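The next block holds one structure in the form of structure tokens; read it before the comments.
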């Protein structure tokens, strides 16, 4: 892709360069330089928040107008699909087929937000049901919180930005957003398209920089009324502590699991679990990391799974046939490789994969892993899946629930009663029946429990988080 050595920030409608340290952004497959950014200074973080506050106080867009503008952004995203997909491939290493699909999903996220913004409403409160209140009426309003701050993760560098920015704008807020320094290109281009669509500049502020230097001050800023973050659990906990009583939505880590029962569709499960474990290089918080398979069908299922995994094409993410590209950095690939080696030193067997070439780690399937191994106790965020046998569904559910995380889980079974009971007992935010853990549709509610976070994403549900419920009573 064309190099752009100036990755700028947008503050109060003006494109500007940062005043802090210089960060080089590289192609995750070739290592070539894509561009350079300068981090925001403390004064620029202050200026971005102040601009958002001023715009929120002065710019009043009616729901219809907000909807029209967001739909226009969706149109512009699709018109720029090839260039945006190319950016995602280059800066994240996500293969073309997934990057191109992400662009389409991003447009849909804006369109769903546009629609939901037109019907965001409160409700009638039956106050007359209380004694002595026959002469009164009551209802609630959904009122925008004000300034929404956001930070996203590198693994979905365009659509994840949309999931934070589009609902915030649709519900009447102003935005200050910081993308990861590893993947700032597509986020910057998205802000350009929002300006082109006609969204007032002060409502959409973009700043760049590292988490400690820029992200932490933004999250803790007293002028940020609501903060939405996707990233690691330790960082999420630090953000929560810095925010105090102010509202926050945190989408954090996980050790996602999928359960395959003996009566499930094994062929479908093999396909879906291979995709869930290894698409996007396993760098998704819902990627299947632990795969529980009923012992009675293990010998039938494993060859099906391995066939699907070994059929995945690994290599250049620009090749439209590639399924698995490079991880976000060679250092991360080395870390994951070290975890695999630690597991094998403890007795685990590598059934396929486990080879590293620079930032590429081939899709790896383990079995016989020690329960104390990192691959089973911590989020690996890499193309590594561990297969675990179980004898009863109760046992599998207990083992899924045993970690401190609870984001998403999948379950394959033809027994409707077992499926629905499991859905009630799995202590996670999202349960997919006859799908793997990573299944996601952008309009659905999405969020975790325990150390996997608080709050919910998905345009309609995020908008309720990004607004306050205000009660109004009327004495007649």
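Values computed for the structure shown
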quantity: Conditions (1) surrounded by fewer than 16 Cβ atoms within 10 Å (Cβ to Cβ); (2) modelled with pLDDT of 95 or more; (3) closer than 30 Å to residue 313 by Cβ: number failed by residue 64; calculated: (3)
quantity: Residue in segment 465-472 that is under 29 Å from residue 270 (Cβ atoms), under 18 Å from the mean Cα position of the chain (by Cα) and crowded, with 19+ Cβ neighbours inside 10 Å present; calculated: no
quantity: Qualifying position, being farther than 30 Å from residue 223 by Cβ, in contact with a strand residue (DSSP E or B) (Cβ under 6 Å, 6 or more places away or on another chain) and at pLDDT 95 or above, among 27, 98, 86; calculated: 27
quantity: Filter result for residue 10 (part of a strand (DSSP E or B) and either crowded, with 18+ Cβ neighbours inside 10 Å or not assigned by TED's automatic domain parsing to the domain that holds residue 461 (or both)); calculated: yes
quantity: Filter result for residue 385 (outside the structural domain of residue 94 (by TED's automatic domain parsing), within 25 Å of residue 301 (Cα to Cα) and touching a strand residue (DSSP E or B) at 6+ places or on another chain (Cβ under 7 Å)); calculated: yes
quantity: Condition broken by residue 383, with the remaining ones in (1) surrounded by fewer than 24 Cβ atoms within 10 Å (Cβ to Cβ); (2) in contact (Cβ under 8 Å) with a residue 24 or more places away in the chain; (3) more than 15 Å from residue 259 (Cα to Cα) satisfied; calculated: (1)
quantity: Answer from 172, 150, 210 - the residue that is assigned by TED's automatic domain parsing to the domain that holds residue 244, surrounded by fewer than 24 Cβ atoms within 10 Å (Cβ to Cβ) and either in contact with a helix residue (DSSP H, G or I) (Cβ under 9 Å, 6 or more places away or on another chain) or closer than 18 Å to residue 20 by Cα (or both); calculated: 210
quantity: Hits in segment 218-234 (condition: part of a helix (DSSP H, G or I) and either buried (at least 20 other Cβ atoms within 10 Å of the Cβ) or not assigned by TED's automatic domain parsing to the domain that holds residue 187 (or both)); calculated: 218, 219, 233
quantity: Test: residue 423 is part of a helix (DSSP H, G or I), touching a strand residue (DSSP E or B) at 6+ places or on another chain (Cβ under 7 Å) and surrounded by fewer than 20 Cβ atoms within 10 Å (Cβ to Cβ); calculated: yes
quantity: Top-ranked residue of segment 127-138 - restricted to ones that are touching a helix residue (DSSP H, G or I) at 6+ places or on another chain (Cβ under 9 Å) and either in contact (Cβ under 8 Å) with a residue 60 or more places away in the chain or in a strand (DSSP E or B) (or both), ranked as farthest from residue 247 (Cα to Cα); calculated: 135
quantity: Any hit, segment 57-75, residues being over 20 Å from residue 156 (Cα atoms), free of Cβ contacts under 8 Å to residues at least 40 places away in the same chain, in contact with a strand residue (DSSP E or B) (Cβ under 7 Å, 6 or more places away or on another chain) and in a helix (DSSP H, G or I); calculated: no
quantity: Residue that is surrounded by the fewest Cβ atoms within 10 Å (Cβ to Cβ), among those in segment 241-255 that are farther than 26 Å from residue 323 by Cα and touching a residue at least 12 places away in the same chain (Cβ under 8 Å); calculated: 242
quantity: Options 413, 362, 367; residue that is within 30 Å of residue 30 (Cα to Cα), touching a strand residue (DSSP E or B) at 6+ places or on another chain (Cβ under 8 Å) and in contact (Cβ under 8 Å) with a residue 12 or more places away in the chain; calculated: 362
quantity: Search result, residues across segment 101-126 that are under 16 Å from residue 469 (Cα atoms), touching a residue at least 60 places away in the same chain (Cβ under 8 Å) and either surrounded by fewer than 17 Cβ atoms within 10 Å (Cβ to Cβ) or out of contact with any strand residue (DSSP E or B) (no Cβ under 8 Å at 6 or more places or on another chain) (or both); calculated: 117, 122, 125
quantity: Check on residue 315, surrounded by 23 or more Cβ atoms within 10 Å (Cβ to Cβ), touching a residue at least 12 places away in the same chain (Cβ under 8 Å) and out of contact with any helix residue (DSSP H, G or I) (no Cβ under 6 Å at 6 or more places or on another chain); calculated: no
quantity: Residue among 22, 59 that is surrounded by fewer than 17 Cβ atoms within 10 Å (Cβ to Cβ), under 27 Å from the mean Cα position of the chain (by Cα) and assigned by TED's automatic domain parsing to the domain that holds residue 205; calculated: 22
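Residues checked against (1) in a helix (DSSP H, G or I); (2) more than 28 Å from residue 250 (Cβ to Cβ); (3) at pLDDT below 95:
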| site | (1), (2), (3) |
| --- | --- |
| 276 | yes, no, no |
| 321 | no, yes, no |
| 327 | no, no, no |
| 331 | yes, no, no |
| 339 | yes, no, no |
| 350 | no, yes, no |
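Quick grid of which residues meet (1) more than 17 Å from residue 432 (Cβ to Cβ); (2) in contact with a strand residue (DSSP E or B) (Cβ under 7 Å, 6 or more places away or on another chain); (3) free of Cβ contacts under 8 Å to residues at least 60 places away in the same chain:
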| site | (1), (2), (3) |
| --- | --- |
| 257 | no, yes, no |
| 261 | no, yes, no |
| 271 | no, no, yes |
| 275 | no, no, no |
| 281 | yes, yes, no |
| 284 | no, no, no |
| 287 | no, no, no |
| 290 | no, yes, no |
| 293 | no, yes, no |
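The values are calculated or read from the model by the stated rules, or taken from the named source; none is laboratory data. If you're wondering where the values come from, they're calculated on a predicted model, not measured in any experiment. In this analysis, Cβ positions are derived from the backbone assuming ideal geometry, glycine residues included, and neighbour counts consider all displayed protein chains.
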